[in-house]
1. Could you please let me know if residue 227 is out of contact with any strand residue (DSSP E or B) (no Cβ under 6 Å at 6 or more places or on another chain) and farther than 23 Å from residue 184 by Cα?
2. Specify the residue that is farthest from residue 48 (Cα to Cα); the eligible residues are those in region 208-224 that are touching a helix residue (DSSP H, G or I) at 6+ places or on another chain (Cβ under 9 Å) and within 14 Å of the ligand (Cβ to nearest atom).
3. Quick check on residue 227: is it within 13 Å of the ligand (Cβ to nearest atom) and either at pLDDT 95 or above or closer than 30 Å to residue 47 by Cβ (or both)?
4. Does region 52-60 contain at least one residue that is touching a helix residue (DSSP H, G or I) at 6+ places or on another chain (Cβ under 8 Å) and in a loop (DSSP other than H, G, I, E, B)?
5. How many of the residues making up region 112-123 are in a loop (DSSP other than H, G, I, E, B) and surrounded by 21 or more Cβ atoms within 10 Å (Cβ to Cβ)?
6. Considering only region 230-240, I want to know if a residue exists there that is out of contact with any strand residue (DSSP E or B) (no Cβ under 8 Å at 6 or more places or on another chain), closer than 25 Å to residue 138 by Cβ and away from the ligand (no atom under 16 Å from the Cβ).
7. Quickly run through region 170-207 and pick out the residues that are away from the ligand (no atom under 14 Å from the Cβ) and crowded, with 23+ Cβ neighbours inside 10 Å.
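The values are calculated or read from the model by the stated rules, or taken from the named source; none is laboratory data. Just so it is clear, the structure is predicted and the values come from calculations on it, not from any experiment. Quick reminder, even Gly has a Cβ in these numbers, built from the backbone with ideal geometry, and neighbours come from all protein chains shown.
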Ligand SMILES: [Fe+2]
């Protein structure tokens, strides 16, 4: 999703603001602006150091104990750890989205290296991140603020699990059978969802019911050069195209997924991350006695 970067000029849409204190001098009425040193979040630092240990690069999946470790840190993660607050105008239930414009999703990257990345997504009410996959990736999604609907699928990989959408057309697109993993509404604070390369709901869609902020930990990150590009899908009910050839699990739900171009109204805007910064050197932090939040 990060290939469609379109930088927006202002970060005021979300409400991030560089902390500047205005100091009034009585006599001269001059205002002296003092930059406050950025705070360091203990939880964000924990997450960063753990990700550095856990994610071993492309082609690897974190071990169950390591997944647990990241989940435990994310359970502690608050909006404030990434410079957000429910008091920001963006997250107010009546926050105004200009009429006639589809609600655009905004994102920012907190940190990115070859092994993992930490990204934040901001969805206004009714904002949608359409069905998309995470090839070869393990992704932790932590809803920090708001209420959203999450739908996710995993591929069913036995033979005869792909069919043509329209047999009469030569250019008909293929539909692949997928098993529904999640189709629920989540409200922060809630458990972290974890998806893996072939399980856990690798293909998912987010639909915001109220303005939301989601923290994604992706290992490894998307990379077009390394064959980890993002593909988008449209889903159809299983009953619409059932070929009767697939053995389906009793009690499970299925759908057909069609690969599509990225929907035009799903382009995201990129903003600069202005929350607590990440420091890669633990000793550096200890030596400077940094202000923790
Ligand atoms: Fe995703």
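1. So residue 227 passes the test.
2. So the residue we want is 212.
3. For residue 227, the condition - within 13 Å of the ligand (Cβ to nearest atom) and either at pLDDT 95 or above or closer than 30 Å to residue 47 by Cβ (or both) - is not met.
4. no
5. 1
6. Quick first cut of region 230-240, residues out of contact with any strand residue (DSSP E or B) (no Cβ under 8 Å at 6 or more places or on another chain) only: 239.
Checking the rest, the ones that are also closer than 25 Å to residue 138 by Cβ come to none.
No, because not a single residue in region 230-240 is out of contact with any strand residue (DSSP E or B) (no Cβ under 8 Å at 6 or more places or on another chain), closer than 25 Å to residue 138 by Cβ and away from the ligand (no atom under 16 Å from the Cβ).
7. Passing the criteria: 175, 177, 178.
Here's the yes/no breakdown for (1) in a loop (DSSP other than H, G, I, E, B); (2) within 16 Å of the ligand (Cβ to nearest atom); (3) at pLDDT 85 or above:
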position: 90; (1), (2), (3): no, no, yes
position: 95; (1), (2), (3): yes, no, no
position: 100; (1), (2), (3): yes, no, no
position: 110; (1), (2), (3): no, yes, yes
position: 125; (1), (2), (3): yes, no, yes
position: 131; (1), (2), (3): no, yes, yes
position: 134; (1), (2), (3): yes, yes, yes
position: 141; (1), (2), (3): no, yes, yes
position: 160; (1), (2), (3): yes, no, no
